[in-house]
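Take a look at the structure set out below.
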Amino acid sequence: MAVDGSLKGVERRGLMFVLSSPSGAGKSTLARMLIEKMPGLSMSVSVTTRSMRPGEVDGEHYHFIDKARFHAMVKDGGLLEHATVFDNSYGTPRQPVEHALSSGRDVLFDIDWQGTQQLREKARVDVVSVFILPPTAGDLERRLHTRAQDSDEVIAGRMSRASHELSHWAEYDYVVVNSDLNEAYTQVVTILNAERLKRERQPGLSAFVRDLQNQLAK
């Protein structure tokens, strides 16, 4: 087996691995764990029109751009998906993702249901989607307060929006309840490894099997 869980020596097309959840349910934490621990997986770095938060680095967490440039990228077809959340726009640059997939590397997306729908419309066969659920509404609210990134007013808005976001859970390929972070991480990794081994994601498998058959025929 190769380090990314695929068959060693077999050509494989990469996949788009999507994590979505209401804000505070843990998708960003899980995404960081995946990037740190899983070989062959890189994070999709989105463009955004929102202001940079303390500790964020341009080009690492997001590409921070103005609204004029964002709208130009939308018009030119330079974004695989884009959405507006809380008056800020976000989008995924097309070129680096397509290059990664054709090179056999997987790309991780931390996006909402709107972005996921757009990815499916443009590249359904390449998309694997996972929706992360909080165990309870109270737990979700506690996590939002613990982050200490937003005002009470913003947190109230996120809680209100969470109900609408949850209504899209059935559109995803997999659902994971994040009641225990380590257990949720294990489940997400299991999904990723299984999807990497799907026959249709390994265009080099036919040649590999033919070679085996030729060896056996000698």
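Considering Ser20, Ser89, which residue is closer than 19 Å to Phe131 by Cα and either of a type in the set (Phe, Trp, Tyr) or surrounded by 13 or more Cβ atoms within 10 Å (Cβ to Cβ) (or both)? Let's see the steps before the verdict.
Working: Ser89 fails: closer than 19 Å to Phe131 by Cα.
From the options Ser20, Ser89, the qualifying one is Ser20.
Contact list please: Cβ distance under 8 Å, first residue in the stretch 30-57 and among the β-branched types (Val, Ile, Thr), second residue assigned to a loop (DSSP other than H, G, I, E, B), pairs at least six apart or on different chains.
Val45/Gly59; Val45/Glu60; Val45/His61; Val47/Ile65; Thr48/Ile65; Thr49/Ile65; Thr49/Asp66
Could you list, in sequence order, the residues of the stretch 27-41 that are over 14 Å from Ala184 (Cβ atoms) and either surrounded by 15 or more Cβ atoms within 10 Å (Cβ to Cβ) or not acidic (Asp, Glu) (or both)? Walk me through how you get there before you give the answer.
Just the residues of the stretch 27-41 that are over 14 Å from Ala184 (Cβ atoms), to begin with: 35-36, 38-41.
Across the stretch 27-41, the qualifying residues are Ile35, Met38, Pro39, Gly40, Leu41.
Residues that are within 18 Å of Glu195 (Cα to Cα) and in a loop (DSSP other than H, G, I, E, B): does the stretch 93-103 have at least one?
Looking for residues that are within 18 Å of Glu195 (Cα to Cα) and in a loop (DSSP other than H, G, I, E, B), one finds at least one in the stretch 93-103, hence yes.
Taking Glu200 and the conditions (1) at pLDDT 95 or above; (2) within 22 Å of Leu15 (Cα to Cα); (3) surrounded by fewer than 16 Cβ atoms within 10 Å (Cβ to Cβ), which numbered condition does it fall short on, given that it satisfies the others?
(1)
Can you spot a residue in the stretch 100-119 that is at negative phi, modelled with pLDDT of 80 or more and exposed (fewer than 14 other Cβ atoms within 10 Å of the Cβ)? Steps first, please.
Initially, the stretch 100-119 is screened for residues at negative phi, giving 100-103, 105-119.
Next cut, modelled with pLDDT of 80 or more only: 100-103, 105-119.
Filter once more, so that each one left must be exposed (fewer than 14 other Cβ atoms within 10 Å of the Cβ): 102-103.
Yes, some residue in the stretch 100-119 is at negative phi, modelled with pLDDT of 80 or more and exposed (fewer than 14 other Cβ atoms within 10 Å of the Cβ).
Please count how many residues of the stretch 162-185 are part of a helix (DSSP H, G or I) and farther than 17 Å from Ser23 by Cβ. Working first, answer last.
We begin by selecting, within the stretch 162-185, every residue part of a helix (DSSP H, G or I); these are 162-166, 169-171, 181-185.
Applying the additional criterion that residues be farther than 17 Å from Ser23 by Cβ yields 170-171, 182-183, 185.
Within the stretch 162-185, residues that are part of a helix (DSSP H, G or I) and farther than 17 Å from Ser23 by Cβ number 5.
Can you tell which of Ile155, Ile132 is buried (at least 16 other Cβ atoms within 10 Å of the Cβ) and at pLDDT below 90?
Values: Ile132 fails: at pLDDT below 90.
After ruling out the rest, the residue left standing is Ile155.
The values are calculated or read from the model by the stated rules, or taken from the named source; none is laboratory data. From a predicted model like this one, the values you see are computed outputs, not experimental measurements. Methodologically, a virtual Cβ is constructed for each residue, glycine included, from the backbone with ideal geometry; neighbour enumeration extends over all protein chains shown.
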